[in-house]
Each structure stands twice: as C-alpha cells, then as structure tokens.
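Read through the structure below, which is laid out as structure tokens, and then see the notes.
Where a number appears in this text, it was derived from the coordinates with a stated rule and is not lab data. Keep in mind the model is a prediction, meaning the values are calculated, not measured. Ideal geometry is used to build each Cβ from the backbone, glycine not excepted, and the neighbour counts take in all protein chains shown.
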Amino acid sequence: MSLQDKVMQEMKTAMKAKDTVALESLRAIKSALLLAQTDKGGGKGLTAEEEIKMVQRLVKQRKDSAAIFTEQGRKDLAEAEMSQVTVIEKFLPEQLGEAEIEKVVVSTIEEMGASGMKDMGPVMGQVSKKLAGKADGKTISGIVRKHLN
C-alpha cells in the first residue's frame, strides 16, 4: 500500500473521530505528496525513499517550529506542533536508538578508514544511506562527530 493510500485511510478515520490534530497533520502529508508528484512531472509516483525523505522533512519542520515557539514562550503553539509530529512520525520506519546508530557509525568509520574530522562528510554520506529513514541527521551527525574527534 502506498503512502498516499495510507494517508487517505487515516484521514477517513480522523474525520470520523473528529480528530482535528491528526486531520491537519494528514492533510499536510497529502499536500506535500501532491506537490512532490506535480514537481516530478505528472503521472509518476514517488519512490519509497523519496516518500520517507518527504515525511522526515515534515517532521523536522514541525520540530524546528516547536523549538522556536518554546524559545519565544509560546508553549501552546509548541505543543500543537509536537502533537503533529507524533501523527506524522507514524508514517516513518521505526527509528533506531543511539546504540544501534553508534554500531553502524563505528563499522562505517572502520570500513572507510576514517581518522579525523576531515572525513566527516564522506562518513555522514555513507551512514545516512545505510540508515535512510531510520534515524534523523542531527543524531547521526552528533555520533559521527563524537567518534571522529
């Protein structure tokens, strides 16, 4: 079942339950999907990898907005953004914990023979490919940085 089909099913459920937060989140996913499909050029659908990246982008946008709202003392808006994050994250593969990410980072560093911060870019590229959709870039970056220093 494609992401678009899953979103449509969830939207029906949210409408019946009158869940406005879920409905707003699902509409954002649907909108982003439609925009991405029209950008690509018509009838072609998105690959699973492109769908995951798009959903990750939506989650990151909401988390960034929540952080800004929290800094400005607008907890009500920050909570609304974070509740949308929980709905949108349902469409991502299960996220790995830091221990699992660290194992992949260490093995990648050993495979590549990376020795310092000058190798961070290539290591990040390889680890990001291996963990596509299963971990966010900020977490990966922190762990790679820790092991290359």
So which of T38, T13, T20 is among the polar types (S, T, N, Q) and over 17 Å from K90 (Cβ atoms)?
T38
Counted residues, segment 15-33 - those being without any contact (Cβ under 8 Å) to a residue 60 or more places away in the chain, over 24 Å from G45 (Cα atoms) and of a type in the set (A, V, I, L, M)
2
